[in-house]
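Structure first, commentary second.
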Amino acid sequence: MVVINKIDTASAEAVFELRDNIRSVNAKALIVDAASPLIVERAELIMGKRALVVEDGPTLTHGEMKFGAGMIAAQKPAPPK
């Protein structure tokens, strides 16, 4: 079994490419799609404000991402009331 997580923040093309890569290594693998939705409690406290975002190291250093969950949270619109 292979779990592809964070499909809610990945491009569809990247997910399809990863799925193809998994199949090339193990055609019989069960592939499970998963999401890790980002929830900002009390988003109104940061909405419209400048923010210093301190990201988690592994996402940026090992995952080769340009930004992590903190940046996504800072840019996420507040949910409707």
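All of the numbers you see were taken from the coordinates with simple rules; none came from a lab. A quick note: this is a predicted structure, and the numbers were derived from the prediction, not measured.
Taking 0.36 nm per residue of sequence separation and subtracting the Cα-Cα distance, how much length would be gained by fully extending the chain between residue 34 and residue 10, in nm to one decimal? Please report the intermediate quantities before stating the final value.
Numbers: separation 24, 0.36 × 24 = 8.64 nm, distance 1.11 nm.
Answer, rounded to one decimal: 7.5 nm.
Straight distance only, please: which lysines reach the Cα of residue 76 with their own Cα at less than 21 Å, same-chain residues fewer than 8 apart left out?
6, 49, 66
Let a ≥ b ≥ c be the square roots of the eigenvalues of the Cα gyration tensor of the stretch 1-41; is it rounded (a/c under 1.5), or, if not, prolate (a/b larger than b/c) or oblate?
Numbers: a/c = 5.02, a/b = 2.02, b/c = 2.49.
Since a/c reaches 1.5 but b/c is at least a/b, the shape of the stretch 1-41 is classed as oblate.
Between the helical axis of 12-25 and the dominant principal axis of the chain, each derived from Cα atoms, what acute angle in degrees is found, rounded to the nearest 10?
The answer is roughly 30 degrees.
On full extension of the chain, what length is gained from residue 17 through residue 64, given 0.36 nm per residue of separation minus the C-alpha to C-alpha distance? Display every interim value, and only then the final one.
Details: separation 47, 0.36 × 47 = 16.92 nm, distance 1.69 nm.
Extending this stretch completely gives an extra 15.2 nm.
Kirkwood hydrodynamic radius, the chain, all distinct C-alpha pairs: what's the number in Å? Mind showing how you got there, number by number?
Values: mean 1/r = 0.0671 Å⁻¹.
By the Kirkwood definition, the hydrodynamic radius is 14.9 Å.
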